[in-house]
Amino acid sequence: MPSAKPFNLKQLASARSVRFGATEDQTDPTPEPKFTVSDLNFFYGRFQALHNISLVIPTKKITAFIGPSGCGKSTFLRTLNRMCETVPKTEVIGKILLGQADIYEFPATYLRSRVGMVFQKPLPFPKSIFDNVAYGIRVNHRDKASNLAEQVEQSLRRAFLWEEVKDRLHQSALGLSGGQQQRLCIARALAVNPEVLLLDEPCSALDPISTAEIEDLLFNLKTQCTIVIVTHNMLQAARIGDYVGFFLSGRLIEFDTAKKIYQNPSKGQTEDYITGRYG
Amino acid sequence: MRRRYPPLTKRITNVVMLSLTGVCAFMTVSVLFFILGYLVYYGGKSLSLSFFTQLPAPVGQTGGGMANAIVGTVKLLALATVIGIPIGGLGGVYLAEFGTGWFSFLVRYTTDLLNGVPSIVMGIFVYGLVVLPMHHFSTLAGGIALGIMMIPIAVRSTEEFLRAVPRSLRESGMALGASKSETIRNVVIPAAINGIVTGIMLDLARVAGETAPLLFTSFGNEFWSKGWLQPTASLPVVIFNYAISPYEDWHRQAWAAGFVLLAGILMVNIFARFALSRREHMVRR
Amino acid sequence: MGTSTTATQGIDPGGQIPSFKYTWVERLKKGDEVTHLITLAAAFSIILITALLVWQLWSGSKLPRHAFGWHFFTTSSWDPISRDFGALTFIYGTVLTSAIGLVIAVPLGLGAAIFLAELAPRKISDTLTFLIELLAAVPSVIYGLIGIFVLIPILSNFVVPVLKKALGFLPIFSGPFYGVSYFSAGVILSLMIVPFIVSISREVLLAVPNSQREAMLALGATKWDVTWRAVLPYARRGIAGSIFLALARALGETMAVTMVIGNVAQIKVSLLAPGYTIAAVIANEFTEATGDLYLQSLIELGLVLFLVTMIINALARVLMLTMGSHEVSE
């Protein structure tokens, strides 16, 4: 069976230019680290889900993690905001730094107000649109009445949802379409002004149009906020990722700029995955 | 290919037995209408405004009403709610959100045990617990007895509906920086509240009809019961006493009271079950 | 960018995190410990209440337990004057009325459950089940009311005469019938426990996997055959469980029984004679009991009732949990 070629830069560039009008490679040579992960090992009970992960996630870029199902990329994402702790009998060995600070040195609830997360399935709370967005603000005790409505509006604008819902802020969020609900979840996460936004396969439950809307949103958001996205869709990672990491069986096989991964991957396994040998 | 027909005897048995099951089902359901019918007929005949507004007439005399029993039942149920729901509801929250291991098992086991206690035995318990130390019967004792009877179902219902809230909803709440208890309070419980409230309504309807535990706790009262520390009349106990009495008029009133009691209980039941099944339909969509 | 206030500063990529402290109010609101404690207290109080209940029953029956010992269960006398108390009469009455109740309710309830689970189209089955479950919500005292004024006249005027004509030679149908009797109590009990049997058995039957039915149908069996030979055997433990649960309920039933059984402390073979049950005697004589031995004997009866229902409920639960597991070996 002939081996397919990996994506070449031209394909990559043209894919990006069609969507975002960029023709230059967007990654710069010495990115500032946002997350520094050293020798991370993660256990569910006796099962080791992550083996010796070390990487640096750069500030204000989009970092995408790809890999087949069950490879640990979602698990890894959840260690970044300590959501892994909500499951009993888990153990984290290794160090994760947010900026210069070890994330285990302050309360998990505080960490999560700095590192937001959006999940795969759009899950608005059974409340009004306004209350959904305001939830994070209230819970982090930043709600001064005069300011709250402004904060809510701003978050909705950043999520490109304001125009569509401004007239029905107090209606139930459950009445929105799937794509709108996911953007609401993003607005909800943005409302606390996190420096990092983690997204776990945010578009897998959405149609292509909503997916494109969210990708646009993320692309615009990265100037304000570091974005880490896990996706099972390689092409999505190619479209919007500045840096890409490839996970396989709980190990980080390769982590580099998107251009490098897609054009000229160093590891054979990466190349196999990219060219669709398995998925 | 020829189809194999069952022999005639088998086919006859089939029809006969299946028809019998239909008859059984029909007969069972008809008991409900039977009971309702008699209550509506005899009870409805005897209902009047005085039933709701007057105190019982002296023994042997006709007339009078059950105002004190109605108020008594309301007071007892109010007290039962105050006792049963916090303990039962919070216990259910514990089991659904915090509990693990042997302690949870113990809690569940004792809850089931408490649920199976015959209501008359519950009366004995509260008699020893409250009535004896106080040296008299009281509304308080009756309310405590009914409240304790409410606990197991409140626990079960709360736990069930809290568990039904998807894990991912909780995670969404926590990922925004809310602690576990904040998430429970602001996200999980509101999501489950419909089911929980209906469960409580059914619970209340169940204890509203209980008579045995009241026989030696709130006991009874021909007059108004003031406050919470005096014995009080209650609908179920009055129905019992009047029904076994030799007085025709009291029988009449027992029917009326039975009608009122059953009507209230059935209405709550119908409403609550209907609301619950509608929720199921919505979730399935 | 939005505005940040209070204690939460952004973390600069190159800078240090400022020393972070929640205010004490924030800590309280966030405090998982407090919530955990409160709910734990509630859960613990349930255990406490149950323990108190058992202790009350045990210590409240000290006198007769010491005075009579096991003799309590073999004596049929119940005499406040000579202060000789025995539970035999009431045990007899409780068992007899529950047995009558089951004999009537089990075929009726099982038949109805089969109809609702196997035969009736979904909508009819749901509606009928809803109505039958409403029946379970009818309070005991209302059943008692119907029992006194409706059931007993019907039994007196129609059922018992026929019964006596046909089967009057049997000792269980001998003697005069005054309305209040074991038989009446048994019948009213059956009406009360039928909804439980129907409801639980129906769910049990619905839980039987379709593969069981399909296997037999493919062999050309009739629907009844399938039910009788495949579904029921598979479900037998669950159905047994439902019967045990119904039995536990019947044993503890107080009001309806005491209103129609006659409340006479005697042991008679004839079902048409009046009698007494444990729950009924407690209900009637508790507030009139003179002297500690009398009262505590009643409490001991309550203890007995509690223990018996506890055991039967536990058995029922075990049965229902192990339903279908016997199929693995077949």
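Here are some notes:
- On inspection, residue B:121 qualifies as modelled with pLDDT of 95 or more, within 7 Å of chain C (Cβ to nearest Cβ) and closer than 30 Å to residue B:260 by Cβ.
- Residue in segment C:52-63 that is within 14 Å of chain B (Cβ to nearest Cβ) and modelled with pLDDT under 85 present: no
- Being more than 11 Å from chain C (Cβ to nearest Cβ), outside any helix (DSSP H, G or I), aliphatic (A, V, I, L, M) and within 24 Å of residue B:218 (Cα to Cα) is a property that does not hold for residue B:74.
- Segment A:169-185, subset of a type in the set (A, V, I, L, M, F, W, C) and out of contact with any Leu (no Cβ under 7 Å at 6 or more places or on another chain), residue nearest to the other protein chains (Cβ to nearest Cβ): A:174
- One residue from B:82, B:59 being closer than 28 Å to residue B:163 by Cβ and not basic (Lys, Arg): B:82
- Considering residues of segment C:104-121 that are without any contact (Cβ under 8 Å) to a residue 40 or more places away in the chain and part of a helix (DSSP H, G or I) only, the residue farthest from the other protein chains (Cβ to nearest Cβ): C:107
- Number of residues in segment A:194-219 that are in contact (Cβ under 8 Å) with a residue 40 or more places away in the chain, of a type outside the set (A, V, I, L, M) and either more than 14 Å from every other protein chain (Cβ to nearest Cβ) or part of a helix (DSSP H, G or I) (or both): the value is 4.
- Criterion violated by residue C:172 - all others in (1) touching a Ser or Thr at 6+ places or on another chain (Cβ under 7 Å); (2) part of a helix (DSSP H, G or I); (3) within 14 Å of another protein chain (Cβ to nearest Cβ) satisfied: (3)
- Test: residue in segment B:220-228 that is in a helix (DSSP H, G or I) and at pLDDT 90 or above: no
- Residue in segment B:138-152 that is within 25 Å of residue B:236 (Cα to Cα), in contact with an Asp or Glu (Cβ under 6 Å, 6 or more places away or on another chain) and at pLDDT 95 or above present: yes
- Segment C:72-87, residues that are in contact with a strand residue (DSSP E or B) (Cβ under 9 Å, 6 or more places away or on another chain) and in contact (Cβ under 8 Å) with a residue 24 or more places away in the chain: C:72, C:78, C:85, C:87
- So residue A:138, is it under 17 Å from residue B:179 (Cα atoms), surrounded by fewer than 19 Cβ atoms within 10 Å (Cβ to Cβ) and within 12 Å of chain B (Cβ to nearest Cβ): yes
- Failed condition for residue A:160, given (1) in a loop (DSSP other than H, G, I, E, B); (2) within 11 Å of another protein chain (Cβ to nearest Cβ); (3) more than 30 Å from residue A:251 (Cβ to Cβ): (2)
- Tally, over segment C:186-226, of residues that are of a type outside the set (Ser, Thr, Tyr), in a helix (DSSP H, G or I) and within 14 Å of chain B (Cβ to nearest Cβ): 20
- Residues that are in a strand (DSSP E or B) and among the β-branched types (Val, Ile, Thr), drawn from segment A:252-269: A:253, A:257
- Tallying residues that are over 21 Å from residue C:264 (Cβ atoms), modelled with pLDDT of 90 or more and touching a helix residue (DSSP H, G or I) at 6+ places or on another chain (Cβ under 7 Å) within segment C:146-182 yields 2.
- Residue under evaluation residue B:21, criteria (1) within 14 Å of chain C (Cβ to nearest Cβ); (2) surrounded by 13 or more Cβ atoms within 10 Å (Cβ to Cβ); (3) within 27 Å of the chain's Cα centre (by Cα), criterion not met: (3)
- One residue alone among B:177, B:142 is crowded, with 24+ Cβ neighbours inside 10 Å and within 11 Å of chain C (Cβ to nearest Cβ), and that residue is B:177.
- Among the candidates C:220, C:179, C:147, the residue that is free of Cβ contacts under 8 Å to residues at least 12 places away in the same chain and of a type outside the set (Lys, Arg) is uniquely C:220.
- Residue list for segment C:272-314, restricted to those being over 23 Å from the mean Cα position of the chain (by Cα) and assigned to a loop (DSSP other than H, G, I, E, B): C:272, C:273, C:274, C:289, C:290, C:291
The values are calculated or read from the model by the stated rules, or taken from the named source; none is laboratory data. Quick caveat: nothing in here was measured; it's all calculated off a predicted structure. No Cβ is skipped: glycine too gets one built from the backbone with ideal geometry, and neighbour counts run over all protein chains shown.
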